[in-house]
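Enquirer: One structure is given below, represented as structure tokens, and several questions about it will come after.
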Amino acid sequence: MSVISDRLKNVSISASAAMTQRARELAANGIKVVSLSSGEPDFPTPAHAIEAAHAAALAGDTKYPPMDGTPALKSAIIRKFKRDNNLDYDASQIVVSGGGKQVIFNAMLATCNPGDEVVIPTPSWVSYADIVKFAGGVPVAVPCHEQAGFKLRPEDLEAAITPRTKWLFLNFPNNPTGAACSRAEMAAIAEVMLRHHNVWIMTDDIYEHLVYDDFQFCTIAEVEPRLYDRVLTMNGVSKAYAMTGWRLGFCAGPKELISAISNVNGQNGGGIATLTQAAATAALDGPQDLLKERAAIYKERRDFVLDRLSEVDGLRCHRPEGAFYLYPNISGLIGKTSKGGRKIETDVDFVMALVEEHHVATVQGAAYAMSPFFRISYATSMEKLGEGCARIAQFCRDMR
Ligand SMILES: Cc1ncc(COP(=O)(O)O)c(C=O)c1O
């Protein structure tokens with residue numbers, strides 16, 4: 001009898017983690033790999049956040065934390081939701097977890113019964129479907145087509161909802177496409193959801209601050225206040241404040257739901273590291289100029305990579321509104337053979353040949369449930385992006 005639970009057997013290891021691992025192995029053999037696979041800002045954590053953690057440690061803030069978050073951090077989160085999203089919450093409507101990932105994990109454990117369906121617009125972040133399965137739910141993919149700018153069309157959403165639907169997940173700006181929703185597009189989604197009173201909405205707003213060309217971010221509870229009581233608004237400090245390693249995410253929603261999530265939090269972690277909470281409080285309450293400064297840098301990188309890739313025969317690249325990813329379509333290269341003799345039949349073949357022959361790490365579209373595409377993360381230096389684009393262009397040019 002296997003020691004592994006049936007629950008875990010359905011869950012795969014993250015595809016981007018698998019590529020990062022392969023890139024590490026090549027690098028360990030002395031090969032210079034250009035890594036465009038990791039969804040992690042290359043900026044440092046703001047100094048004032050680090051100093052706040054240091055000061056908290058010296059002041060003795062090193063005991064067990066409250067399960068749902070420190071009062072100081074919850075206050076900072078309440079101010080953040082008001083400032084950035086014009087949403088009003090009180091402290092009983094907020095819970096803090098170990099990253100946005102744990103927020104979603106705990107929310108699904110707290111709410112999914114076996115067979116409950118969770119509608120996930122795809123392409124989507126690799127972890128959503130696995131988390132849902134882990135919690136006993138059933139992920140239901142709704143394709144957001146390239147021709148529609150990778151947006152969720154109301155008619156597709158409507159068609160995906162059944163009497164078993166418990167949740168709809170939203171993630172705009174999106175990982176992996178970078179697509180974001182305008183107010184009008186979000187209102188159209190909200191209109192569908194107003195008709196389905198039993199369906200809850202989890203909105204993952206982790207890329208909120210990464211939008212370009214004067215695009216205005218919006219979130220569903222603010223766009224349609226009549227949904228406020230059914231929306232779990234999730235966010236965190238990982239992407240906005242370059243704090244991936246601190247592990248802190250948070251969410252806000254109706255009291256009953258929040259108290260259930262807090263219960264799970266207490267069971268599987270016992271609250272989040274006090275020093276991380278002090279750092280996150282400082283990040284949320286501190287100067288916010290860095291968000292715009294960094295967004296301007298990401299925008300330059302996006303434009304740079306788009307310019308380079310649009311010259312490459314066989315690639316078709318949509319111009320995203322936000323996040324730090326591009327999601328080029330490679331259908332023009334399917335069926336060809338790489339210079340190293342690898343037949344490219346899928347996007348997995350494409351990314352594997354690219355990393356083996358030209359040492360550029362990216363992630364296959366299959367990992368995000370839409371093929372044939374691959375994801376490039378441009379959260380890295382211009383120098384690496386220049387080198388990566390040149391190698392990708394050469395790789396594609398050499399195909400026969
Ligand atoms: C869409 C999306 N949500 C959540 C996360 C996880 O964020 P955190 O580091 O806060 O767990 C990621 C990270 O890649 C992501 O892409």
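The values are calculated or read from the model by the stated rules, or taken from the named source; none is laboratory data. Here the structure is a predicted model, which means the values were calculated and not measured. FYI the Cβ positions are ideal-geometry reconstructions off the backbone, even for glycines, and counts take in every protein chain you see.
Enquirer: Do we find a residue being part of a loop (DSSP other than H, G, I, E, B), in the same structural domain as Thr70 (by TED's automatic domain parsing), within 24 Å of Met108 (Cα to Cα) and within 11 Å of the ligand (Cβ to nearest atom) anywhere in the stretch 213-220?
Expert: Of all residues in the stretch 213-220, those part of a loop (DSSP other than H, G, I, E, B) come to 213-219.
After this cut, where a residue has to be in the same structural domain as Thr70 (by TED's automatic domain parsing) as well, the list is 213-219.
Narrowing the set further to residues that are within 24 Å of Met108 (Cα to Cα) leaves 218-219.
Now narrow it down to the ones that are within 11 Å of the ligand (Cβ to nearest atom): none.
Looking through the stretch 213-220, none of the residues is part of a loop (DSSP other than H, G, I, E, B), in the same structural domain as Thr70 (by TED's automatic domain parsing), within 24 Å of Met108 (Cα to Cα) and within 11 Å of the ligand (Cβ to nearest atom).
Enquirer: Name, by its number, the condition in (1) within 23 Å of Pro163 (Cα to Cα); (2) small (Gly, Ala, Ser); (3) buried (at least 17 other Cβ atoms within 10 Å of the Cβ) that does not hold for Ser127.
Expert: (1)
Enquirer: Name the pairs whose Cβ atoms lie under 7 Å apart, with the first residue in the stretch 118-142 and charged (D, E, K, R), the second within 15 Å of the ligand (Cβ to nearest atom) and at pLDDT 95 or above, and 6 or more positions between them or separate chains?
Expert: Once the first residue is charged (D, E, K, R) and sits in the stretch 118-142, its partners that are within 15 Å of the ligand (Cβ to nearest atom) and at pLDDT 95 or above give Lys133/Pro139.
Enquirer: Turning to a different aspect of this structure: Could you look through the stretch 125-140, keep only residues that are of a type in the set (Gly, Ala, Ser) and more than 8 Å from the ligand (Cβ to nearest atom), and pick out the one that is nearest to the chain's Cα centre (by Cα)? Steps first, answer last, please.
Expert: First, pick out the residues of the stretch 125-140 that are of a type in the set (Gly, Ala, Ser): 127, 129, 135-137.
Imposing the further condition that a residue be more than 8 Å from the ligand (Cβ to nearest atom) reduces the set to 129, 135-137.
Details: Ala129: 13, Ala135: 19, Gly136: 22, Gly137: 20 Å.
Checked the stretch 125-140; the qualifying residue nearest to the chain's Cα centre (by Cα) is Ala129.
Enquirer: Anything in the stretch 227-249 that is more than 9 Å from the ligand (Cβ to nearest atom) and touching a strand residue (DSSP E or B) at 6+ places or on another chain (Cβ under 9 Å)? List them, or say none.
Expert: Matches in the stretch 227-249: Leu227, Arg230, Val231, Leu232, Thr233.
Enquirer: Just name the residue that is nearest to Ala27 (Cα to Cα) out of those in the stretch 319-361 that are among the charged types (D, E, K, R) and within 27 Å of the chain's Cα centre (by Cα). Quick ask: steps written out before the conclusion?
Expert: In the first step, residues of the stretch 319-361 are kept if they are among the charged types (D, E, K, R); the result is 319, 321, 336, 339, 342-343, 345, 347, 349, 356-357.
The next check asks that each one be within 27 Å of the chain's Cα centre (by Cα); those that pass are 319, 321, 347, 349, 356.
Working: Arg319: 31, Glu321: 33, Asp347: 23, Asp349: 20, Glu356: 11 Å.
Among residues in the stretch 319-361 that are among the charged types (D, E, K, R) and within 27 Å of the chain's Cα centre (by Cα), the one nearest to Ala27 (Cα to Cα) is Glu356.
Enquirer: Let me ask something else. Checking Val355 against (1) part of a helix (DSSP H, G or I); (2) within 27 Å of Phe215 (Cα to Cα): exactly one of these is not met. Which one?
Expert: Every condition holds for Val355 apart from (2).
Per-residue answers, yes or no, for (1) at positive phi; (2) crowded, with 17+ Cβ neighbours inside 10 Å; (3) within 16 Å of the ligand (Cβ to nearest atom); (4) modelled with pLDDT of 95 or more:
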residue: Ser35; (1), (2), (3), (4): no, yes, yes, no
residue: Ser38; (1), (2), (3), (4): no, yes, yes, no
residue: Thr45; (1), (2), (3), (4): no, yes, yes, yes
residue: Ala56; (1), (2), (3), (4): no, yes, no, yes
residue: Ala59; (1), (2), (3), (4): no, no, no, yes
residue: Pro66; (1), (2), (3), (4): no, yes, no, no
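Enquirer: Restricting to the stretch 358-400, name every residue that is basic (Lys, Arg), closer than 14 Å to Gly332 by Cβ and in a helix (DSSP H, G or I).
Expert: Initial filter on the stretch 358-400 (basic (Lys, Arg)): 375, 384, 391, 397, 400.
With closer than 14 Å to Gly332 by Cβ added as a condition, the list becomes 397, 400.
Listed by number, the list holds a single entry, Arg397.
Enquirer: Go through (1) modelled with pLDDT under 95; (2) within 15 Å of the ligand (Cβ to nearest atom); (3) surrounded by 16 or more Cβ atoms within 10 Å (Cβ to Cβ) one by one and return the number of the condition Gly271 breaks.
Expert: (2)
Enquirer: Mind listing just one residue for me: the one in the stretch 68-99 that is in contact with a Phe, Trp or Tyr (Cβ under 9 Å, 6 or more places away or on another chain) and among the charged types (D, E, K, R) and, of those, farthest from the ligand (Cβ to nearest atom)?
Expert: Asp88
Enquirer: Somewhere in the stretch 153-174, is a residue touching a Lys or Arg at 6+ places or on another chain (Cβ under 6 Å) and within 16 Å of the ligand (Cβ to nearest atom)? Don't jump to the end; show me each part of the working.
Expert: Taking the stretch 153-174 and keeping what is touching a Lys or Arg at 6+ places or on another chain (Cβ under 6 Å), we get none.
No: the stretch 153-174 contains no residue that is touching a Lys or Arg at 6+ places or on another chain (Cβ under 6 Å) and within 16 Å of the ligand (Cβ to nearest atom).
Enquirer: Of everything in the stretch 87-103, what is farther than 17 Å from Arg230 by Cα and part of a loop (DSSP other than H, G, I, E, B)? Give them in sequence order. So that I can check it myself, show each step before the final result.
Expert: Filtering the stretch 87-103 down to residues farther than 17 Å from Arg230 by Cα leaves 91, 96-102.
If the condition is that a residue be farther than 17 Å from Arg230 by Cα and part of a loop (DSSP other than H, G, I, E, B), then Gly98, Gly99 are the ones that fit.
Enquirer: Answer yes or no: is there a residue in the stretch 46-53 that is in a helix (DSSP H, G or I) and either more than 30 Å from Ala295 (Cβ to Cβ) or among the hydroxyl-bearing types (Ser, Thr, Tyr) (or both). Lay out the reasoning, then the answer.
Expert: Step one: list which residues in the stretch 46-53 are in a helix (DSSP H, G or I), which gives 47-53.
Now drop any that are not either more than 30 Å from Ala295 (Cβ to Cβ) or among the hydroxyl-bearing types (Ser, Thr, Tyr) (or both), which leaves none.
The answer is no, given that none of the residues of the stretch 46-53 is in a helix (DSSP H, G or I) and either more than 30 Å from Ala295 (Cβ to Cβ) or among the hydroxyl-bearing types (Ser, Thr, Tyr) (or both).
Enquirer: On to the next question. Given the criteria away from the ligand (no atom under 16 Å from the Cβ), crowded, with 21+ Cβ neighbours inside 10 Å, in the same structural domain as Leu157 (by TED's automatic domain parsing) and under 20 Å from Ala107 (Cβ atoms), does Ala260 qualify?
Expert: On the way: away from the ligand (no atom under 16 Å from the Cβ): yes; crowded, with 21+ Cβ neighbours inside 10 Å: no; in the same structural domain as Leu157 (by TED's automatic domain parsing): yes; under 20 Å from Ala107 (Cβ atoms): yes.
Answer is no for this residue.
Enquirer: A further question follows. Does the stretch 170-217 hold any residues that are out of contact with any Phe, Trp or Tyr (no Cβ under 9 Å at 6 or more places or on another chain), surrounded by fewer than 23 Cβ atoms within 10 Å (Cβ to Cβ) and touching a residue at least 40 places away in the same chain (Cβ under 8 Å), and which are they?
Expert: Those that are out of contact with any Phe, Trp or Tyr (no Cβ under 9 Å at 6 or more places or on another chain), surrounded by fewer than 23 Cβ atoms within 10 Å (Cβ to Cβ) and touching a residue at least 40 places away in the same chain (Cβ under 8 Å): Arg183, Asp213, Phe215.
Enquirer: Restricting the search to the stretch 332-351, which residues are closer than 20 Å to Cys317 by Cα and touching a residue at least 40 places away in the same chain (Cβ under 8 Å)?
Expert: Leu333, Lys336, Ile344, Val351
Enquirer: Looking only at the stretch 100-110, which residues are surrounded by fewer than 22 Cβ atoms within 10 Å (Cβ to Cβ) and within 16 Å of the ligand (Cβ to nearest atom)?
Expert: If the condition is that a residue be surrounded by fewer than 22 Cβ atoms within 10 Å (Cβ to Cβ) and within 16 Å of the ligand (Cβ to nearest atom), then Lys101, Leu109 are the ones that fit.
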